[in-house]
Amino acid sequence: QNLKFKFNVQHNCTTAKCTASGVRKRKQERQDSEVTENFIEHQPLDRYFINTHAFHNAHLIRATLPRSLTVPLLIVDDRKAFH
């Protein structure tokens, strides 16, 4: 009843310090093989990325979140010099 919109979030692996420390057997035709592979083990962290500029309902997200969380951030200070 209180749902206003759907959105997708991405886990912040950099801040959580997630690493490729997991090891598992690689599957081949649905069977475990003898070859192993590493995989990312995610660490618990309640911080996520929301790309507010890629949604068809970005106006709803901006209306819900405080401006400090939706303000665009500059990647470089001088765009003209960067290009």
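What does the highest-first list of 65-76, 8-19 look like by mean Cβ count within 10 Å? Kindly include the intermediate steps, with their values, before the conclusion.
On the way: 65-76: 8.5, 8-19: 12.2.
So the order, starting with the most tightly packed, is 8-19, 65-76.
Counting protein heavy atoms only, the chain has 52 percent of its accessible area on carbon and sulfur, 1.4 angstrom probe.
Applying both filters, DSSP loop and at most 16 other Cβ atoms within 10 Å, to the chymotrypsin sites (Phe, Trp or Tyr not before Pro) of the chain gives Phe5, Phe7, Phe55.
Taking the range 23-83, which GluC sites (Glu not before Pro) meet the DSSP loop condition and have no more than 13 other C-beta atoms within 10 Å?
Glu29
Rounded to the nearest 500, the helix-only mean residue ellipticity at 222 nm of the chain stands at -4000 deg cm²/dmol, with each DSSP H run of n ≥ 4 adding -39,500 (n - 2.57). Residues whose amide H falls under 5 Å from that of Cys18, counting only those 5 or more places apart or on a different chain, are Gln43, with hydrogens built in the peptide plane.
Heavy-atom accessible surface of the chain, averaged per residue, reaches 95 Å², computed with a 1.4 Å probe.
The values are calculated or read from the model by the stated rules, or taken from the named source; none is laboratory data. What you see is a predicted model, and the numbers here were worked out from it, not measured in a lab. Counting neighbours? That spans all protein chains shown, and the Cβs are built from the backbone with ideal geometry, glycine included. Note: areas computed on protein heavy atoms with side chains; ligands, DNA, RNA excluded. Shrake-Rupley method; radii C 1.70, N 1.55, O 1.52, S 1.80 Å.
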